Amino acid sequence: LAVYHHRLHMTLDCRPDFVTVVWTEGRSQADLSLFRLGSCFPTSFSATQAVFRVDFNDCNFRRLVTGHHLMYSNDLTYGSSSGSQSLSFTHPVVCAFARPKDWYPMIYDPMFSTHGVGHLVFHIALMNDDFSGPAESTTFALGSFIPIMASVSQKTHQPLLLLLEECVAATTPELQPESPVYPIIANKGCLVDSRISGSKFEPRQKSSELQLSLQAFRFGLGQEVFIHCKLVAWDPNGLDLTKKACHYVKEHGWELLDNYAYSTLCDCCDSDCKSRKTRSIESGTHGVAQKAVLGPLTITDETS
């Protein structure tokens, strides 16, 4: 499928797993770096063209399955910079395929959340028991383990350490000020749920990934549950009281995932973790933060 609009200057090449979008710009004053496809920056751009070659799993593509078609849709947006004469606009991007005969609807899309920030792309997903692939179900028995993996793909960026600064469970996909929540990770990276359960961080396989075995809890039992997290990609040498991954190990107390010898960084998990630095270093030179939502998932009590 290839579509060309003379007026809109867009070519669209839809393939089974990825799409190539090429925007050819006639306005000399347009800044092609300001084009976005969903959450994605251009794969490449020149003075006259912005090119996106992306997977449907990325860029926040929406998937719709009808009786005969499988459709992926997104928005190509242009946000003009301040002072520019160019107008901002949005243009739909749609790829439609015949629904495969052996295709059956999965209960959910296993890659729940994909967000791009600068040159970083954040993911968070439910995984199978050994973290080797996406989960096959979103229903978990009370007390069983919910495997969650968060990651950041870094492209050309310096190596970064992925941390989960905060996670709460809620029964809605959006958090409202009055929303009842169940704290999972709080106090700048403390897995507070591990105090009262068997939840734990798994040993790291890569600095850019974080694996969490979360023991299924009673909060929202039988309802749809969404896990809201703040992911942080950080300088591996910049760990402090506010940038860490700590879990509580029975008989041992709080332990730092990435270096047991520095577990004193976790001592504040039972009080208030504040940086000792006199000025904030949230300026982006050390890291980038991104919010993401995982779900819905359901926790059931099989004894009831």
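Pop out the carbon and sulfur fraction of the accessible area of the range 158-304 as a percent, whole number, probe 1.4 Å. Heavy-atom surface of the range 158-304 belonging to carbon and sulfur, 1.4 Å probe: 50 percent. Remark: the range 192-203, residue by residue, has Karplus-estimated 3J(HN,Hα) of 5, 5, 5, 5, 10, 8, x, 4, 7, 7, 7, x Hz, where x stands for each Gly or Pro and the curve is 6.51 cos²θ - 1.76 cosθ + 1.60 at θ = phi - 60°.
Listed values for the range 215-222 are Karplus-derived 3J(HN,Hα) couplings in whole Hz (6.51 cos²θ - 1.76 cosθ + 1.60, θ = phi - 60°), namely 6, 4, 10, 7, 4, x, 3, x, and x replaces Gly and Pro.
Net charge in the neighbourhood of ILE184 (other residues with Cβ under 10 Å of its Cβ; Lys, Arg +1, Asp, Glu -1) is -2.
Near ARG15, the amide H atoms lying under 5 Å from its own belong to THR20; only residues 5 or more places off or on other chains count, and H is placed 1.01 Å from N.
Here's how it looks for THR171: its modeled amide H is under 5 Å from those of PHE226, which are all 5 or more places away or on a different chain.
The HN-Hα couplings worked out from phi for the range 166-183 by the Karplus form 6.51 cos²θ - 1.76 cosθ + 1.60 (θ = phi - 60°) are 7, 9, 10, 9, 9, 9, 9, x, 10, 8, 10, x, 8, 5, x, 10, 10, x Hz, whole numbers, x standing for Gly and Pro.
The values are calculated or read from the model by the stated rules, or taken from the named source; none is laboratory data. From a predicted model like this one, the values you see are computed outputs, not experimental measurements. Don't worry about glycine lacking a Cβ; one is built from the backbone with ideal geometry, like all the others, and counts go over all protein chains shown. Areas reflect the complete protein model, heavy atoms only, side chains present, ligands, DNA and RNA absent. Shrake-Rupley method; radii C 1.70, N 1.55, O 1.52, S 1.80 Å.
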